[in-house]
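Here is the structure we will look at.
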There are 2 protein chains.
Amino acid sequence: MVSIVSVAKAAGVSNKTVSRVINGEPHVTEDTRERVEKAIRDLGYIPNMAARQIRSSRSNTFGIITDYVSTTPYSVDIVRGIQDWANTHGKSILMANSGGLPEREADIWKMFQSHRIDGVLYVTMYHRVVDPEAGDVNIPTVMINCRPQTSELLPSIEPDDFQGARDLTQYLLERGHRRIGYVRLNPILLGAELRLDAFRRTAKEFGLAESDLSIRLGMEGPVGVEENYVFAAASEILQQKDRPTAIMSGNDEMAIQIYIAALTLGLRIPQDVSIVGFDDFRTVSLALKPELTTAALPYYDLGFQGAEWLNSIISEEMVRANRRVISCKLVERASVCAL
Amino acid sequence: MVSIVSVAKAAGVSNKTVSRVINGEPHVTEDTRERVEKAIRDLGYIPNMAARQIRSSRSNTFGIITDYVSTTPYSVDIVRGIQDWANTHGKSILMANSGGLPEREADIWKMFQSHRIDGVLYVTMYHRVVDPEAGDVNIPTVMINCRPQTSELLPSIEPDDFQGARDLTQYLLERGHRRIGYVRLNPILLGAELRLDAFRRTAKEFGLAESDLSIRLGMEGPVGVEENYVFAAASEILQQKDRPTAIMSGNDEMAIQIYIAALTLGLRIPQDVSIVGFDDFRTVSLALKPELTTAALPYYDLGFQGAEWLNSIISEEMVRANRRVISCKLVERASVCAL
DNA sequence: ACAAAAATTGTCGACGTTGTCATTGCCTTG
DNA sequence: CAAGGCAATGACAACGTCGACAATTTTTGT
């Protein structure tokens, strides 16, 4: 392998001078610099990160731990956000997936340490509370899309489920809807309570009574093997004598079944019933016809800003543990009509 | 940081002996081994990969290059498959995303080289032909979910779209369907042609005429901003006077619109019209009611076997470039009825 | 023109690990 | 009991890079 030494020999300078050129340090004549750069190009020299790391005890690498990946596929945008930040700032990404198994997670932390990772991004694929195996380890960590259970020691960055659901509810209310159905997310998801709470409060603020709201559970049980009542719940809501004019869905995926339930009952969307989702899971929200009005989870930004935050923690050595929240932007499409 | 030297000092042996213990080499007394292991535990020593790599010029790390990530979110299972193989075989994964930009891809290759990666897995998020920027670089590479355009130099591993579509078509034919609609995938996807071809051939084998098949284009245009005719195409197919009794969808996502089109026309699924998808994109195929019969893309296995293959290429130094194909398993659910 | 200051370049060692080879001590064999 | 063999352990160098410092050359000030 071609090393700094071979370059130095080729350019007729010392290896230290080559090092200076590579790192853009001052105190190199333009002439020398060019000669070295030519040698680098000719030999196809590429710096060896491992050697650099050994010298500087900085790896310029972040680790990503994810839990499940497949249950909410769209949240891979978190990872894309992280990568984009990392790429544009000369950091590398070492990635591992725990599958939700604690022992695997412990192995991953060990692997990260053996690579002398600068920091860790702990990413969950749905918004939830976790208890990371990190505790004993002293690597800067930012939690993304989740928050630590026990300690307030770790900084976390999360979507603002409450604001998103508030905006959606308000959107419906402003368009004249006064009887609204709600199909709840699986209660084990952190978003479930936040969204429902925002829905209830906002409806109340606008003067609706609890009896104007038809709230039903859509799913429950462990993620991946949950029981699914959405179709039945939606059918039931829509067959009430004082049928709601709009239904809020816990998320976009569940909205598929609400669409099917409505259509099966011969109802037109949005003329007979308006529907809104949550997440802006575009594979679904754009495939539904009419296209679904929803609130977009800021996955990409969670990742991007999480990486940025981690970096500032690492370089400034300050670990002000706290929580950041990113808003969910309302995406207006065609599934709601004004009354 | 605690190094091999501190462990050696603590255990009262030379650093070489510690090295032997770590790597499970012979010629160490049980007594010594235990003393060293105790010291390792006490000090919390973890081997430094960078130093190891510098010595051995082997990084035990694979690189993953992905193109787009968000368009077909479920294909992250490829990455999960790779990770699972890597984790259980003591390899690490360095990951980067090109976003489809060639200059970014070139940077990534450089980054990989600077980490002295052992091999690269080139992963695309939908099945297609690519022309990787790798050419000049001499790192063992396996292409996953895609195949090289120009050269036959790189080994590739792909899903068997043809077999999957054949099995699905056969499944419908065996259940008595003789007029079948087909909504085509975007033609720029490699699967589009393979699946359509399998559909046509299998139908012909069973004695159907071309006039028994209603084939319509569902989407076209660049991935991510394609134009979407699925709803219109499905509506049109289902309003013909000799309406097909079954529709094959280019993929599961498009099946959403076919469901909506059918229901909007007052047709029951599957009594009036049977529907099959492709991909087994479970967020969709399980959310549809009735649940969708489809063919599962073997994403996880593509990743897992791809990693395994890459490893064997690296260790055996043999680069028999060729192509492997993994079959798509038919998943029988409730969206098809026998006539 | 000469000293002082600044710019340029080089020498050397250390980071943590392991391969090579050397050393020590014990055991087998005749 | 000597010679040879083998097991256990250690000393040392080298991998590629860069920081500390030294050496050399050029520029500046008077």
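The values are calculated or read from the model by the stated rules, or taken from the named source; none is laboratory data. The shown structure was predicted, so the numbers you read here are calculated from the model rather than taken from an experiment. Quick reminder, even Gly has a Cβ in these numbers, built from the backbone with ideal geometry, and neighbours come from all protein chains shown. Protein only, heavy atoms only, side chains kept; ligands, DNA and RNA dropped before computing areas. Shrake-Rupley method; radii C 1.70, N 1.55, O 1.52, S 1.80 Å.
Here are the numbers for the structure shown:
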{"read-out": "Region A:136-234: radius of gyration and largest Cα-Cα distance (Dmax), Å", "value": "16.8, 54"}
{"read-out": "Amide proton proximity set for residue A:281, modelled H, under 5 Å, gap of 5+", "value": "A:252"}
{"read-out": "Max mean-square fluctuation residue, GNM over chain A, Cα-Cα springs under 10 Å, options A:284, A:36, A:225", "value": "A:36"}
{"read-out": "Relative contact order, percent, region A:264-317 [alpha-carbon distance under 8 Å, six or more residues apart]", "value": "27 percent"}
{"read-out": "Loop GluC sites (Glu not before Pro), region B:121-222 (other Cβ atoms within 10 Å of the site Cβ: 13 or fewer; DSSP)", "value": "B:152"}
{"read-out": "Coil-residue GluC sites (Glu not before Pro) of region B:242-339, DSSP, other Cβ within 10 Å capped at 13", "value": "B:317, B:332"}
{"read-out": "Probe 1.4 Å, accessible area per residue of region A:4-47, Å²", "value": "60 Å²"}
{"read-out": "Label-to-label distance, nm, for residues given as residue A:110 and residue B:101 (7 Å Cα→Cβ offset)", "value": "3.9 nm"}
{"read-out": "Relative contact order for region B:4-47, counting Cα pairs under 8 Å that sit 6 or more residues apart, in percent", "value": "42 percent"}
{"read-out": "Sulfur and carbon atoms: percent of accessible area, the protein assembly as shown [1.4 Å]", "value": "48 percent"}
{"read-out": "Over chain A, equivalent-ellipsoid semi-axes from the Cα gyration tensor in Å", "value": "52, 21, 17"}
{"read-out": "Cut-off under 5 Å, modelled amide H: who pairs with residue A:217 long-range", "value": "A:184"}
{"read-out": "Rough spin-label spacing in nm, given labels placed 7 Å along Cα→Cβ, for residue A:16 and residue A:57", "value": "2.3 nm"}
{"read-out": "Rounded tilt (10° steps) of B:30-43 against the dominant C-alpha axis of chain B", "value": "70 degrees"}
{"read-out": "Percent RCO, i.e. relative contact order, over chain B, from Cα pairs under 8 Å lying at least 6 residues apart", "value": "18 percent"}
{"read-out": "Largest-first principal axis extents of the Cα set of region A:77-122 (Å)", "value": "33, 24, 10"}
{"read-out": "Partner lysines for residue B:16 [C-alpha distance under 29 Å; skip if fewer than 8 residues away on the same chain]", "value": "A:110, B:38, B:91"}
{"read-out": "Coarse-grained scattering of region A:216-339 at q = 0.12, 0.23 Å⁻¹, given as base-10 log I(q)/I(0) from a Debye sum over alpha-carbon atoms", "value": "-0.55, -1.28"}
{"read-out": "Region B:265-339-region B:99-174 distance, computed between alpha-carbon centres (Å)", "value": "18 Å"}
{"read-out": "Loop trypsin sites (Lys or Arg not before Pro), region B:260-339 (other Cβ atoms within 10 Å of the site Cβ: 11 or fewer; DSSP)", "value": "B:320"}
{"read-out": "Value of [θ]222 nm, deg cm²/dmol, for the protein assembly as shown, DSSP H segments ≥ 4, -39500 (n - 2.57) each, nearest 500", "value": "-12500 deg cm²/dmol"}
{"read-out": "Hydrodynamic radius by Kirkwood, which averages 1/r over all alpha carbon pairs of the protein assembly as shown, in angstrom", "value": "27.5 Å"}
{"read-out": "Part-to-part distance (alpha-carbon centres) for region B:1-58 and region A:20-65, which is given in Å", "value": "31 Å"}
{"read-out": "log₁₀ of I(q)/I(0) at q = 0.19, 0.24, 0.29, 0.30 Å⁻¹ - region A:4-47, Debye sum with one point per alpha carbon", "value": "-0.43, -0.71, -1.06, -1.13"}
